[in-house]
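Undergrad: Following this message is one structure expressed as C-alpha cells.
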Amino acid sequence: MISYTRGSGWVKDFSGVIVATCTPFDDEGALALDRVPPYVDFLVERGVAALMVGGTTSEFIALSLEERSSLIAAAVRAAAGRVPVIAHAGDVVLGASTRLARQAVDSGASAVAAIIPYFHRHTTPAILDHLRAVARAVPELPVFVYNYPEATGNRLTAEGFELLLEEQNIAGTKLSMATFEEIEPFLRFLPDLCIISGNDGVWKQFTDKGGRAVVSGNAGAVPDLMVQALEAYLKGDQEGIERLGPLVGEVIRLTRGGQPAALKALLASRGMPMGGARVASVAPAELAAASSPSDALRAAIGWDVGTAR
C-alpha cells in the first residue's frame with residue numbers, strides 16, 4: 001500500500017474555496033442521488049477549488065452510514081477528477097468513522113476529513129486516540145481534522161493538534177471556530193500544513209495572516225460570490241473587498257450562518273432544487289428571506305442559473 005506523505009500531492013500549496021456541499025433529497029425526503037451531478041457541475045463551473053462532502057452542511061448527522069457512503073461516491077463520480085473531493089467520514093463511533101473512511105478510499109475520494117467526536121465530553125487523550133485511528137485506517141490519503149467546538153462540545157487545541165502530526169497523513173485541519181482569536185494559534189503550522197478556515201466571517205484576518213484555504217457552507221449556494229470574495233482577499237484587492245464584503249455579509253444573514261434549510265431555499269431560488277432539510281434548524285416561516293436576495297447580490301453573480309430541474 002502506498003502511503004500519503006504530508007506536504008505532497010494536491011494538498012501542497014492548496015489555495016481556494018472548498019465548498020461544503022448540501023445533500024439533495026426528493027419530495028419525500030429520500031436521498032436523491034440523481035441531483036448530485038447537476039449540483040456538482042453548478043459548483044465546479046463557478047470556480048470552487050474542492051468539494052467537502054458529507055459534513056455539517058450535508059446534514060451528516062441525519063444520514064445513515066449507507067447514505068453517507070453513497071453520497072460521497074456520487075460526488076466523486078460527478079466531480080470526475082475536475083476538483084478534489086474531501087470525504088467527511090467523522091462519527092462519534094470510531095468503528096463507523098474508520099469504515100466510512102475506507103469506503104471513501106474505495107470510492108476514489110481525494111482526502112478524508114474527520115470531525116472531533118461529539119455530544120459526549122471527551123478527554124484530549126480520547127480525542128487524539130480517535131483521530132489517530134482514523135488516520136491509520138486510510139494511510140494512503142491525506143486526512144483533515146475537523147475542529148468545531150461549538151457544535152461538538154469538544155475542542156482540540158493547537159498543542160493537541162500538534163501531537164497528531166506523528167501520523168504522516170495528517171495534512172491539516174478545518175477550523176470552524178467562533179472567532180479569529182481561536183483560529184490564530186493554528187496558523188503557526190503554515191505553510192507546512194493546510195490550515196483551513198471554516199468561518200466565512202473572518203476571511204480578512206485569516207488571509208492577512210497567511211491563510212489561503214477556506215471551507216464555506218455558504219459557497220454551497222453562492223459559490224460564484226465566495227470565490228470572487230476570497231480572490232479579492234488573497235490579492236489584497238481593496239476595491240473588490242469593499243464591494244464584495246458586504247454581499248458576503250448579506251449571504252451569511254440570509255442563510256443564518258449557513259443553515260442547510262436556508263441554503264437550499266437560496267439554491268431553489270437560483271433554479272437548483274435540492275429538496276428540504278432533514279435537520280429543521282430553521283423554521284419554514286423563516287425561509288422567505290433566504291429566497292429574497294438584494295438586487296446588488298443578484299447582480300453580483302447573475303442570479304438565474306438556467307438549470308432548473
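The values are calculated or read from the model by the stated rules, or taken from the named source; none is laboratory data. Computed from a predicted structure; not experimentally measured. Here Cβ is always computed from backbone atoms with ideal geometry, including for glycine, and neighbour counts include all displayed protein chains. Areas reflect the complete protein model, heavy atoms only, side chains present, ligands, DNA and RNA absent. Shrake-Rupley method; radii C 1.70, N 1.55, O 1.52, S 1.80 Å.
Undergrad: May I ask you to say which residue of Val279, Val222, Val215, Val251 is among the aliphatic types (A, V, I, L, M), modelled with pLDDT of 90 or more, in contact with a strand residue (DSSP E or B) (Cβ under 6 Å, 6 or more places away or on another chain) and at negative phi?
TA: Val215
Undergrad: Taking into account only those residues within the stretch 288-297 that are surrounded by fewer than 18 Cβ atoms within 10 Å (Cβ to Cβ) and part of a loop (DSSP other than H, G, I, E, B), which is modelled with the lowest pLDDT?
TA: Applying the filter and picking the extreme gives Ser292.
Every residue, every condition in (1) open to solvent by 30 Å² or more (accessible area, probe 1.4 Å); (2) farther than 20 Å from Leu193 by Cβ; (3) within 17 Å of the chain's Cα centre (by Cα), yes or no:
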residue	(1), (2), (3)
Gly9	yes, no, no
Cys22	no, yes, yes
Asp34	yes, yes, no
Val44	no, yes, yes
Ala75	no, yes, yes
Val93	yes, yes, no
Arg102	yes, yes, no
Ser107	yes, yes, no
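Undergrad: Quick one: in the stretch 116-153, which of the residues that are under 22 Å from Ser216 (Cα atoms) and of a type in the set (Val, Ile, Thr) is surrounded by the most Cβ atoms within 10 Å (Cβ to Cβ)?
TA: If we take residues in the stretch 116-153 being under 22 Å from Ser216 (Cα atoms) and of a type in the set (Val, Ile, Thr), then Val143 is surrounded by the most Cβ atoms within 10 Å (Cβ to Cβ).
Undergrad: State which residue is nearest to the chain's Cα centre (by Cα) when the search covers only the stretch 241-287 and only residues that are basic (Lys, Arg) and in a helix (DSSP H, G or I).
TA: So in the stretch 241-287, the residues basic (Lys, Arg) come out as 243, 253, 256, 264, 270, 278.
Next, only the ones that are in a helix (DSSP H, G or I) stay: 243, 253, 264.
Working: Arg243: 25, Arg253: 18, Lys264: 15 Å.
My answer is Lys264.
Undergrad: Regarding Leu156, is this residue over 30 Å from Pro38 (Cβ atoms), open to solvent by less than 10 Å² (accessible area, probe 1.4 Å) and assigned to a loop (DSSP other than H, G, I, E, B)?
TA: yes
Undergrad: Okay, next question. If you take the residues of the stretch 206-227 that are in a helix (DSSP H, G or I) and touching an Asp or Glu at 6+ places or on another chain (Cβ under 8 Å), which of them is nearest to Tyr118 (Cα to Cα)?
TA: Per the stated criteria, the residue is Asn218.
Undergrad: Conditions: (1) in a helix (DSSP H, G or I); (2) modelled with pLDDT of 95 or more; (3) of a type outside the set (Ser, Thr, Tyr); (4) within 22 Å of Ile301 (Cβ to Cβ). Pro185 meets all but one. Number of the miss?
TA: Pro185 satisfies every listed condition except (4).
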